[in-house]
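Trainee: Before anything else, here's the structure in question.
No lab work stands behind these numbers, since they all come straight from the coordinates. These figures come from a predicted structure and were not determined experimentally. With ideal geometry, Cβ positions are generated from the backbone for all residues, glycine too; neighbour counts draw on all protein chains shown.
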Amino acid sequence: MLDTISQAFLLVFKLDPEVWSIAFTSILVSSTALIIGVILGLPIGAFLAVAQFPGKKWCITFINTLMSVPTVIIGVLIYLLLSRSGPLGEFGLLFTKSGMIIAQSCLTIPLIAAISRQIISDAWQIHQDTFSALKFKLFHRVKWILWDSRFSLIIVVLLGFSRAISEVGAVMIVGGNIAQHTRTLTTAIALETSKGDLVLSLSLGIVLLIIVFNINVVSYFLKSNAEKKYG
């Protein structure tokens, strides 16, 4: 076991091309999915937090439910959409990075929308009387709330990235885990472990832990900075 661990660390720190190629694919796909998740998820969360319309509670329940749907189900649904017989089959997105980005976006959008909605809704309730007294218009109210909640929302974004980069089920179904093309850290770990290549599997796991650790460090410092400035 010690020999396997030492060899795994050696692969990581000697910058093994295969290990870092897989890591780069993971970061590229997850970062792109995160950008899409923020562009779509944050406005959805803000809208659900401040707007009043019939069926609002059902929409919130639906968004919250999507967070807990097993990722393999999302993967199967995206597979059906992107397959040759599916409505998007003509675009040839199955077993490509673009298809994996779509799958991960479908996982990050509900997460960012649901958590940001709760954050914005709480802040909205706290400052509602102030807004009414100052006669702020809706646009200015939302803009002020987003700015006031920026540290919490940044942490939500980081959580979205963690959700994307640690995903395995959906991206394996949609991406196919093709070497040098659609293989990510999590899918490669699953494959190499099943093949018995524990050294490569563990080295990929170390890289994934390094990435997630740094995300948590950033989250911690953002939270600490917010608490120092605003109590």
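Trainee: Provide the gained length on full extension for the span Thr193 to Phe47, in nm with one decimal, where the gain is 0.36 nm per separating residue minus the Cα-Cα distance.
Mentor: Details: separation 146, 0.36 × 146 = 52.56 nm, distance 4.37 nm.
Fully extending the segment from Thr193 to Phe47 adds 48.2 nm.
Trainee: May I pose another question? What's the angle, to the nearest 10 degrees (0 to 90), between helix 71-82's Cα axis and the longest principal axis of the chain?
Mentor: Helix 71-82 and the main axis of the chain meet at about 90 degrees.
Trainee: Using the 10 angstrom Cβ neighbour count as an exposure proxy, how do Thr186, Thr61 rank, fewest first?
Mentor: Listing Thr186, Thr61 from fewest to most nearby Cβ atoms yields Thr61, Thr186.
Trainee: I need the shape label for the chain. Rule: rounded when a/c is under 1.5, else prolate if a/b > b/c, else oblate, with a, b, c from the alpha carbon gyration tensor.
Mentor: oblate
Trainee: Can you tell me the orientation of helix 198-230 relative to the chain, as the angle in degrees between its alpha-carbon axis and the longest Cα principal axis, to the nearest 10?
Mentor: Between helix and principal axis, roughly 20 degrees.
Trainee: Going by C-beta contacts inside 10 Å, put Trp58, Trp20, Trp144 in order with the fewest on the left.
Mentor: Values: Trp58 9, Trp20 13, Trp144 16.
If I rank by nearby Cβ atoms, fewest first, I get Trp58, Trp20, Trp144.
Trainee: In whole Hz, what ³J(HN,Hα) sequence does segment 48-59 give by Karplus (6.51, -1.76, 1.60; θ = phi - 60°), x for Gly and Pro?
Mentor: Karplus values, whole Hz, x for Gly and Pro: 5, 6, 10, 7, 10, 7, x, x, 4, 5, 5, 5.
Trainee: Still on this structure, I have one more. Using alpha carbons only, how many degrees (0 to 90, rounded to 10) separate the axis of helix 2-13 from the longest principal axis of the chain?
Mentor: The answer is roughly 70 degrees.
Trainee: How high is the FRET efficiency from Val69 to Leu40, r the C-beta distance, R0 22 Å, rounded to 0.05?
Mentor: 0.80
Trainee: Would you work out the relative contact order for the chain, in percent, from Cα pairs under 8 angstrom that are 6 or more residues apart?
Mentor: Relative contact order, the chain: 32 percent.
Trainee: Kindly count the pairs of lysines across segment 2-230 whose alpha carbons are less than 28 Å apart, treating pairs on different chains or eight or more residues apart as eligible.
Mentor: So the count of such lysine pairs works out to 15.
Trainee: May I ask you to sort Asp148, Asp129 by Cβ crowding, counting other Cβ atoms within 10 Å and putting the fewest first?
Mentor: Ranked by crowding around the Cβ, least crowded first: Asp129, Asp148.
Trainee: Could I ask something else about it? Would any residue of segment 32-72 have its amide N under 14 Å from a label point 7 Å out along Cα→Cβ of Trp147? List them or say none.
Mentor: Within reach of a label on Trp147, which here means backbone N under 14 Å from a point 7 Å along Cα→Cβ, segment 32-72 contributes nothing.
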